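Taking it in order: structure first as structure tokens, then the write-up.
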């Protein structure tokens, strides 16, 4: 049995540079099932990724052998749970190369992380007329919190445009960073287009003008090796469920000196050192931002997911997914009715497309009958859809457990859609 503090098993991989994907797939129990009588082809990892058995076992192991609250107990189970939780924090720190474990705050996901930054960091310093800069390609989670903040403070929201390939227009972005720009926030990778932004360049341009930088890394951490000290941003957020971990847990990274000067986001237990009716003394970073009982099992599962990804190898994951993306781009481009939305030169494993005049929901329904799971709709990125003049797209998002054969099945399924509905 795997305990909360035990070493997680390695993924089944070969010794060579390429992944043995069929062996990898055996680590994911859900991929063994059939949908509508067909083998499941899961192409929706940008919405949520599937979980390897070691992650499932780590969560189950916590609840069956360790379940106790953390930090406040001296009994064995509480000590064991605390070590499992804090071990996960240390493993996340190493995974993204943060400077110290205290820079890792556990939250519910990237969405909560951005809201925490907006309210606890940005709101106290913004004045009427100050500016927040985002981009056209953002997920709603990196738009709405800043709109709320601007309504609260009188700040102005600016938006950097993208080109027809879905790439950020860096010269326009540079021009929009002015003397009143206080916060710049952008996606590392677009969830709707797959575009990989030049984050180090964008951070440097913002810092040169004195702005603080927030990066939404929800789509990047599962696919690329992320080195936050090399990137140099002030804040970075991501979600566990998109990186083969559980739902309901995520990470906010912040530079220690910034987190240390921030006030708390929520009040309650754990985030305090002392409470009287006259005065409360807040806890140290990161506990100051983790009010109440956290998702202990989720954090332990996230730690197991980090171990799993590192055992597979981030470079090997990226190489396999890049090859799949190239193969998939060619396969779908060969279908006359398919129009790819998002053709950036630097791109992650997302194929977003339309099929003639057929509504994306209808495409998704027909594909589901073939056992193929794709996402249809605006992908919580309505401004992106507006930019390309479409109400919605079909999105096939890939992970390292996908294969060329599944891409072939997707292409065949789209041809059937055209035959039936075209």
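Taking the condition under 25 Å from residue 108 (Cα atoms) and free of Cβ contacts under 8 Å to residues at least 24 places away in the same chain, does residue 152 pass? Walk me through it before giving the result.
Working: under 25 Å from residue 108 (Cα atoms): yes; free of Cβ contacts under 8 Å to residues at least 24 places away in the same chain: no.
Taking the combined requirement at face value, the residue does not satisfy it.
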Worksheet entry | Meets criteria (without any contact (Cβ under 8 Å) to a residue 40 or more places away in the chain, crowded, with 16+ Cβ neighbours inside 10 Å, in the same structural domain as residue 214 (by TED's automatic domain parsing) and touching a helix residue (DSSP H, G or I) at 6+ places or on another chain (Cβ under 7 Å)) for residue 89 | no
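Somewhere in the range 303-318, is a residue touching a strand residue (DSSP E or B) at 6+ places or on another chain (Cβ under 8 Å), modelled with pLDDT of 95 or more, buried (at least 18 other Cβ atoms within 10 Å of the Cβ) and under 30 Å from residue 24 (Cα atoms)?
To start, the set of residues in the range 303-318 that are touching a strand residue (DSSP E or B) at 6+ places or on another chain (Cβ under 8 Å) comprises none.
Within the range 303-318, none of the residues are touching a strand residue (DSSP E or B) at 6+ places or on another chain (Cβ under 8 Å), modelled with pLDDT of 95 or more, buried (at least 18 other Cβ atoms within 10 Å of the Cβ) and under 30 Å from residue 24 (Cα atoms).
In the range 281-311, what residues are over 21 Å from the mean Cα position of the chain (by Cα) and either closer than 25 Å to residue 126 by Cβ or assigned to a loop (DSSP other than H, G, I, E, B) (or both)? Spell out how you get there, then give the answer.
Restricting attention to the range 281-311, the residues satisfying the condition of being over 21 Å from the mean Cα position of the chain (by Cα) are 281-285, 287-288, 291-293.
Scanning the range 281-311 gives 282, 283, 284, 285, 288, 291, 292, 293.
Answer yes or no as to whether residue 31 is assigned to a loop (DSSP other than H, G, I, E, B) and modelled with pLDDT of 80 or more.
Values: assigned to a loop (DSSP other than H, G, I, E, B): no; modelled with pLDDT of 80 or more: yes.
It is false that residue 31 is assigned to a loop (DSSP other than H, G, I, E, B) and modelled with pLDDT of 80 or more.
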Discussion item. Against the condition assigned to a loop (DSSP other than H, G, I, E, B) and farther than 25 Å from residue 234 by Cα, how does residue 269 come out, does it pass?
Written reply: yes
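Looking only at strands (runs of 3 or more DSSP E) that lie completely in the range 98-188, which have at least 1 residues being within 30 Å of residue 343 (Cα to Cα)? Don't jump to the end; show me each part of the working.
Details: elements: 104-107, 131-135, 156-160, 181-187.
Because the criterion is at least 1 residues that are within 30 Å of residue 343 (Cα to Cα), the strands (runs of 3 or more DSSP E) in the range 98-188 that meet it are 131-135, 156-160, 181-187.
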Discussion item. One residue is enough: does the range 192-201 have a residue meeting the conditions within 21 Å of residue 119 (Cα to Cα), touching a strand residue (DSSP E or B) at 6+ places or on another chain (Cβ under 8 Å) and surrounded by 14 or more Cβ atoms within 10 Å (Cβ to Cβ)?
Written reply: no
Worksheet entry | Residues (without any contact (Cβ under 8 Å) to a residue 24 or more places away in the chain and under 20 Å from residue 142 (Cα atoms)) located in the range 379-390 | 386
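In the list 325, 340, 351, 332, which residue meets the criterion of being within 21 Å of the chain's Cα centre (by Cα) and within 20 Å of residue 392 (Cβ to Cβ)? Spell out the reasoning first.
Numbers: 325 fails: within 20 Å of residue 392 (Cβ to Cβ); 340 fails: within 21 Å of the chain's Cα centre (by Cα); 332 fails: within 21 Å of the chain's Cα centre (by Cα).
The unique qualifying residue is 351.
Being in contact (Cβ under 8 Å) with a residue 40 or more places away in the chain and over 19 Å from residue 408 (Cα atoms) is the filter; apply it to the range 358-377 and report the residue that is surrounded by the fewest Cβ atoms within 10 Å (Cβ to Cβ). Break it down into steps so the answer makes sense when it comes.
Step one: of the range 358-377, the residues in contact (Cβ under 8 Å) with a residue 40 or more places away in the chain are 358, 362-363, 366-375.
Applying the additional criterion that residues be over 19 Å from residue 408 (Cα atoms) yields 358, 362.
Numbers: 358: 18, 362: 15.
Among them, the one singled out is 362.
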Discussion item. With the condition being in the same structural domain as residue 28 (by TED's automatic domain parsing), at negative phi and touching a helix residue (DSSP H, G or I) at 6+ places or on another chain (Cβ under 7 Å), I'd like the helices (runs of 4 or more DSSP H) fully within the range 352-422 carrying at least 2 qualifying residues.
Written reply: 360-369, 404-421
Worksheet item: Are there any pairs with C-beta distances below 6 angstrom linking a residue in the range 393-411 that is under 23 Å from residue 308 (Cβ atoms) to a residue that is modelled with pLDDT under 95, with the two at least 6 apart or on different chains, and if so which?
Response: 398/349
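The values are calculated or read from the model by the stated rules, or taken from the named source; none is laboratory data. The structure displayed is predicted, hence computed values, not measured ones. Neighbour counts run over all protein chains shown; Cβ positions are idealised from the backbone, glycine included.
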